[in-house]
Amino acid sequence: MREITIGKNDAGQRLDRFVSKSLPLLPPALLQKYIRLKRIKCNGARAQRDQRLQEGDVLQLYINDEFFDKPREDNLFLTLFKPSLDIVYEDENLMLLNKRPGLVVHADETEKVNTLINHIQAYLYQKREWNPRWENAFAPALCNRIDRNTGGIVIAAKNAESLRVLNQKIRDRELVKLYLCVVQGELPKRADTLTAYLEKLSDENRVIVSDRKTPQNRTILTKYRVLETRGGNSLLEVDLLTGRTHQIRAHFAHVGNPLLGDGKYGSNKLNKALGYDVQALYSYKLRFEFTTPAGCLEYLNHREFSVADMNSIWFVKKFHGSD
């Protein structure tokens, strides 16, 4: 029998989901069976699979040793990996990182090691702010993600409470995320909110934008402001009112103004001629606008953060002819 004491970062989770994350080698069907057979107890009493765990609860696990897989005390990867982060803001609850274009946020089929989340976890491990041995299920996590070739601000939560609050605020649209981009041509208005409908084609890793509603597509709203026009192209600030896959890239392509450097939705011929090899898109500003209680993050309400200097963004310099 082994015991697990529920800490602050684990509180509030369903018992079965917590045990599933803590013991990834335990098959889900066997987990449910062990709960029914009272081989998993909470504070010495019968446990219910959907009960919410509280800080200080003690789980008694009458489970075979082969299902336990605890991290080593000296995690060599976290110790030796050299983190490289551009930190916009950091406190005890979260980090705002300026992700460079070309870096993936999570491991995928092309990259397993050099990912933003690995840099973050190694950084916090080496600062002694996080250690996988201290936690039963929680690890520092990203609250939003941006494409490999898009740069900009990404939010990382340092504890479970902050992660829950931020995920809810993102779902409720209580964070304002502003982007910079350079598009081909000039827009008919200096500022406007574009409306259309987007359908995601997951198998092809692309989307289709239409002016007609269908059962398969979803409404998109893209608000923009023209900051400058130069050489027949436009530098825009974009407020993403709905956060759909590839929304900015596909929406502006749909209205005839594709992003420069965008090989998926734009013109490869023009991109090559102008020297743009990835999409000119950057998430450069973030503002917290909470309209409901934010718990441990209430102090961030109405605060705004941005990359140090928008003129340092690669395509802004190129747009101004100073690359």
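Table for the structure above
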quantity	calculated
Counted residues, segment 21-49 - those being closer than 22 Å to Phe138 by Cβ and at pLDDT below 90	7
Pairs with Cβ under 8 Å, 6+ apart, first in segment 257-268 and closer than 18 Å to Val316 by Cα and at pLDDT 95 or above, second open to solvent by 40 Å² or more (accessible area, probe 1.4 Å) and not in a loop (DSSP other than H, G, I, E, B)	Asn257/Gln184; Pro258/Gln184; Leu259/Gln184; Leu260/Gln184; Leu260/Leu270; Leu260/Leu274
Cβ-Cβ under 8 Å pairs, at least 6 apart or on other chains, segment 20-32 side more than 17 Å from Gln48 (Cβ to Cβ) and in contact (Cβ under 8 Å) with a residue 24 or more places away in the chain, far side exposed (fewer than 10 other Cβ atoms within 10 Å of the Cβ) and among the charged types (D, E, K, R)	Leu25/Glu66
Residue among Asp108, Asp16 that is outside any loop (DSSP other than H, G, I, E, B), open to solvent by less than 60 Å² (accessible area, probe 1.4 Å) and among the acidic types (Asp, Glu)	Asp16
Residue in segment 110-126 that is touching a residue at least 24 places away in the same chain (Cβ under 8 Å), within 20 Å of Phe305 (Cα to Cα) and not β-branched (Val, Ile, Thr) present	yes
Considering residues of segment 124-169 that are of a type in the set (S, T, N, Q) and within 30 Å of Arg249 (Cα to Cα) only, the residue most open to solvent (accessible area, probe 1.4 Å)	Gln168
Test result for Arg212, free of Cβ contacts under 8 Å to residues at least 40 places away in the same chain, open to solvent by 20 Å² or more (accessible area, probe 1.4 Å) and not in a strand (DSSP E or B)	yes
Subset of segment 271-319 [touching a helix residue (DSSP H, G or I) at 6+ places or on another chain (Cβ under 8 Å), part of a loop (DSSP other than H, G, I, E, B) and aliphatic (A, V, I, L, M)]	Ala280, Ala294
Condition met for Lys8 (open to solvent by 90 Å² or more (accessible area, probe 1.4 Å) and at positive phi)	no
Which listed residue, of Lys8, Lys21, is closer than 20 Å to Arg164 by Cβ and not in a loop (DSSP other than H, G, I, E, B)	Lys21
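Conditions tested, residue by residue: (1) out of contact with any strand residue (DSSP E or B) (no Cβ under 9 Å at 6 or more places or on another chain); (2) within 30 Å of Ser162 (Cα to Cα).
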| position | (1), (2) |
| --- | --- |
| Ala253 | no, no |
| Asn257 | no, no |
| Lys272 | yes, no |
| Tyr276 | no, no |
| Leu281 | no, yes |
| Tyr284 | no, yes |
| Glu289 | no, yes |
| Leu300 | no, yes |
| Phe305 | no, yes |
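The values are calculated or read from the model by the stated rules, or taken from the named source; none is laboratory data. Only a predicted model underlies this, so the values are computations on that prediction, with no experimental measurement involved. Note: ideal-geometry Cβ built from the backbone for every residue, glycine included; neighbour counts use all protein chains shown. What goes into the accessible areas is simple: the full protein's heavy atoms, side chains included, and nothing from ligands, DNA or RNA. Shrake-Rupley method; radii C 1.70, N 1.55, O 1.52, S 1.80 Å.
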